[in-house]
Amino acid sequence: MITTIPDFELGFTILIAGSFDMFPKIFDATGATIVRAAEGFAIRQLVERYAGTYASTSHGSNSTITLVANKRGLVIDRFILNGVDILKNAFKVSAQSWYAQAVPTLLFSDEKKQEGEYWRAAQSNERTEGEGSIWDDFCTANIDTILYPPFGFNELVFWDAENDEKFGRVELTAFKLNLTRTKEQLDSQAKEMQETLEL
């Protein structure tokens, strides 16, 4: 069996000589090992490049977005748009436990220069706890939502990657709003990096 995991640009093949009854167990064990290793690497990249608090620098605009990276991916922890809590007022549509996740589209605003990474905010259900296959968790099938012409309401564009590849700005295209990584966040990350280097 050939399996691809496009989220991580990975694939693997399982060849079995003998009884097919062992296949599900081998598939789960192999898949779990590969996916968990890839997730760990991806989370480190998300923390280093995307996670942080971004705020509007425009006078009179009370807009911020806080992104955290953990086992669920790049999660929108807080999203205030002109004083309105978007997570409480625009996203929640089910009684299930959920979170807002930023999902990469692998597209760029400037494809030639590979600048301006397009992402989408999507509502995801919390992972199920207990026994079960890693393949049994919730999977978002559609990350496109309503349009605020001509842009998606949930569209985020990451700009201004520095030499260390940390992004400095998030554009909310539907609202024509740019949010800049806050200085407190930069200072905190620099301190964490220094502490890591000292260890």
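The values are calculated or read from the model by the stated rules, or taken from the named source; none is laboratory data. Owing to the predicted nature of the structure, the values given are computational and were not obtained by experimental measurement. When we count neighbours, we look across all protein chains shown, and the Cβ atoms used for this are built from the backbone with ideal geometry, even at glycine.
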From the residues in region 60-96 that are within 17 Å of Phe175 (Cβ to Cβ), free of Cβ contacts under 8 Å to residues at least 12 places away in the same chain and of a type outside the set (A, V, I, L, M), which one is surrounded by the most Cβ atoms within 10 Å (Cβ to Cβ)? Asp85
Every residue from region 29-59 that is within 30 Å of Phe175 (Cβ to Cβ) and part of a helix (DSSP H, G or I): Ala42, Ile43, Gln45, Leu46, Val47, Glu48, Arg49
Checklist (1) of a type in the set (Gly, Ala, Ser); (2) under 21 Å from Asp164 (Cα atoms); (3) out of contact with any strand residue (DSSP E or B) (no Cβ under 7 Å at 6 or more places or on another chain); (4) touching a residue at least 60 places away in the same chain (Cβ under 8 Å) applied to Gly52, failing item: (3)
So which pairs qualify, if the first residue must be in region 161-185 and in contact (Cβ under 8 Å) with a residue 40 or more places away in the chain and assigned by TED's automatic domain parsing to the domain that holds Ala121, the second must be buried (at least 18 other Cβ atoms within 10 Å of the Cβ) and assigned to a helix (DSSP H, G or I), the Cβ gap must be under 7 Å, and the two must be at least 6 apart or on different chains? Glu165/Arg49; Lys166/Arg49; Phe167/Arg49
Residue, farthest from Ile86 (Cα to Cα), within region 146-160, restricted to residues that are modelled with pLDDT under 90 and crowded, with 17+ Cβ neighbours inside 10 Å: Gly152
What are the pairs, 6+ residues apart or on separate chains, where a residue within region 113-127 that is more than 16 Å from Asn178 (Cβ to Cβ) and among the aliphatic types (A, V, I, L, M) has its Cβ under 9 Å from a residue that is modelled with pLDDT under 85 and surrounded by 20 or more Cβ atoms within 10 Å (Cβ to Cβ)? none
Looking at region 1-28 only, could you name the residues that are more than 30 Å from Trp119 (Cβ to Cβ) and part of a loop (DSSP other than H, G, I, E, B)? Met1, Ile14, Leu15, Ile16, Ala17, Gly18, Ser19
